[in-house]
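What follows is one structure encoded as structure tokens, with my remarks underneath.
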Amino acid sequence: MKKNKLPFLLVSLFFLMPSIVFAAKIKKDENLGIEYKPASKYKLESGNVRVCLYKNTGSFGVYGLTGSIFKVPLLSALNDFESSHFFVKIDGKEYDLSSSSFIREVRILDDRAQIHYLMAKKVAVAVEFELASSVPGNPSDVVCVNIYVSNLGRNKTEVALKGVFDTVLGENRFVHFRTSSGEEITSEKHFYGDDLRREKSIISSDGNSSIQFVFTGNGMTVPRLVTLSSQYGLEHSNWEPNLKDGRSFNNIHAYMNSALAVNWKPLLVGPSKTERISFCIAVAVNGTSPKGLRFVGLDASDVVDEPSDSENEELASSTSEEADSSNAEAGLTTTPAVITENNVVEQKEADKSTKNDDEQNLGSNAEKRTGVDFVVAPIEDYQLDPVYIQNLIARINSLQSSSEVDHEEIRRLNAELDAILAKIRQK
């Protein structure tokens with residue numbers, strides 16, 4: 001009797017299928033000499049840092065991790081961080097890499113990840129993220145960013161890169177940004193190459209969590225220009241943003257919504273060649289200071305601590321008239337209240353990261369609200385501004401409609417909104 005071999009073949013194929021499918025997922029980039037797995041989105045996480053990459057928006061996000069559950073978005077998390085992304089200029093023509101007209105791909109490598117953009121088979125840009133520690137043996141607190149620009153054509157091509165980073169931490173403070181040398185930025189400002197070599201880095205902080213952009217030091221590519229302005233202004237500006245030093249971050253489109261744009265010098269890329277741009281992002285949580293300068297071999301003592309409450313109040317008072325003038329120029333009919341920081345005390349010791357320490361750092365007026373496992377800071381006058389409340393509600397609604405719902409951020413913002421409404425009812 002002749003045996004039917006079909007069942008045996010089917011069973012064999014069934015057991016072999018996982019390895020066949022797995023093998024099919026491995027792809028190779030000949031220009032960069034790497035093998036990777038493609039994905040629609042990916043989460044790269046270690047120590048105190050999480051980086052999220054999104055194919056649909058071509059954007060990326062950075063979180064600070066304060067424990068196994070709680071995470072703090074260090075860039076605006078609206079719609080999968082869509083407001084933080086890159087632009088490219090090829091032979092004088094500008095392209096927004098978040099546009100759906102380009103072929104995008106999230107790539108997973110062994111210990112890092114990329115967002116890859118392909119423009120008309122002429123130029124490819126791969127933005128690669130890798131996590132590291134500023135101090136060997138400590139948890140990861142640095143994101144190493146390498147941007148690879150490959151010329152796929154037959155002629156030399158001039159390629160320029162620009163990145164926009166929609167920061168959020170400093171927006172609830174009078175001082176939106178500061179530099180490693182201690183300069184405090186409360187309004188629009190330019191930094192050119194020599195300025196960046198002197199200031200070393202740009203920091204956005206709320207006094208508890210911080211994000212630090214480092215553009216100088218070992219292996220870093222010094223930009224031509226870094227611009228601090230409103231997010232809307234940077235998103236809709238010329239290639240090199242036009243701004244007026246000292247003008248308010250407010251405009252008719254947004255309230256207290258600042259961001260950072262980075263323009264690197266153009267690259268002349270030969271046929272079938274690849275050039276690289278590098279910078280790093282350092283993260284700090286639980287009231288500690290970011291250590292990005294230490295990571296790139298610069299003197300860690302150059303990092304200046306956050307200004308004290310009294311210093312913040314003095315600065316706000318001394319510049320209030322200037323802010324009023326700038327708001328009028330921007331077309332605003334209301335003047336934002338002066339922001340003070342009576343509820344946050346800078347925590348200097350890195351090992352004090354427990355929940356009880358966080359409550360102490362927020363001060364005696366901090367409130368533990370029912371239904372949440374974190375402390376809500378006391379509500380300040382500026383949070384009672386109707387525009388601030390409208391923006392807070394809009395942010396909550398946007399987060400709830402996002403493809404990747406950030407439940408922790410929604411809980412935190414809802415708790416803040418509840419506290420604001422409770423204070424309004426008391427008046």
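Distance between the C-alpha centers of segment 256-272 and segment 112-174? Whole Å please.
Result: 10 Å between the Cα centres.
What's the extension gain from Leu413 to Arg276 if we count 0.36 nm per residue and subtract their Cα-Cα distance?
Details: separation 137, 0.36 × 137 = 49.32 nm, distance 3.87 nm.
Length gained, Leu413 through Arg276: 45.5 nm.
What full-extension length gain, to one decimal in nm, is calculated for Trp239 and Asp111 as 0.36 nm per residue of separation minus the Cα-Cα distance?
On the way: separation 128, 0.36 × 128 = 46.08 nm, distance 3.34 nm.
Contour length minus Cα-Cα distance gives 42.7 nm.
Please calculate the 1.4 Å probe accessible area of His407, with all protein chains present, and give it to the nearest 10 Å².
Rounded to the nearest 10, that gives 120 Å².
If I model a spin label at Val222 and Leu118 as a point 7 Å from the Cα along the Cα→Cβ vector, what separation in nanometres do I get?
3.7 nm
As a quick test, which of the pairs Lys122/Lys189; Lys71/Lys121; Lys25/Lys71; Lys244/Lys273; Lys55/Lys273; Lys43/Lys189 have an alpha carbon distance above 29 angstrom in this structure?
Details: Lys122/Lys189 35 Å; Lys71/Lys121 38 Å; Lys25/Lys71 31 Å; Lys244/Lys273 38 Å; Lys55/Lys273 25 Å; Lys43/Lys189 33 Å.
With Cα atoms farther than 29 Å apart: Lys122/Lys189; Lys71/Lys121; Lys25/Lys71; Lys244/Lys273; Lys43/Lys189.
If contacts are Cα pairs under 8 angstrom and at least 6 residues apart, what is the relative contact order of segment 47-204 in percent? Don't skip to the end; give the middle numbers.
Details: 302 pairs, mean separation 29.5, N = 158.
Normalised by residue count, the contact order of segment 47-204 is 19 percent.
Between Glu183 and Ser46, what length in nm is gained on full extension when 0.36 nm per residue of separation is reduced by their alpha carbon distance? Walk me through the numbers on the way to the answer.
Details: separation 137, 0.36 × 137 = 49.32 nm, distance 3.10 nm.
This chain segment gains 46.2 nm when fully extended.
How much accessible area does Asp245 have with a 1.4 Å probe, in Å² rounded to the nearest 10?
90 Å²
Treating only the Cβ of Lys, Arg, Asp and Glu as charged (+1, +1, -1, -1), what charge dipole size does segment 192-287 show about its Cα centre? Round to the nearest 20 debye.
Working: 9 positive and 8 negative charges, 52 e Å.
The dipole magnitude comes to about 240 debye.
Using θ = phi - 60° and the Karplus relation 6.51 cos²θ - 1.76 cosθ + 1.60, list the HN-Hα couplings for segment 72-77 in order, rounded to whole Hz, with x at every Gly or Pro.
10, x, 9, 10, 4, 8
Which of the listed residues, Leu169, Gly153, Ser180, is farthest toward the dipole's positive end in segment 137-189, when Lys, Arg count +1 and Asp, Glu count -1 at the beta-carbon?
The listed residue farthest towards the positive side: Gly153.
Please work out how much accessible surface Leu417 shows to a 1.4 Å probe, ignoring ligands, DNA and RNA, in Å² rounded to 10.
About 30 Å², ignoring ligands and nucleic acids.
The values are calculated or read from the model by the stated rules, or taken from the named source; none is laboratory data. Just so we're clear, the structure is a prediction, and the values are computed from it rather than from any experiment. Here Cβ is always computed from backbone atoms with ideal geometry, including for glycine, and neighbour counts include all displayed protein chains. Ligands, DNA and RNA are excluded from the accessible area calculation, which covers all protein heavy atoms including side chains. Shrake-Rupley method; radii C 1.70, N 1.55, O 1.52, S 1.80 Å.
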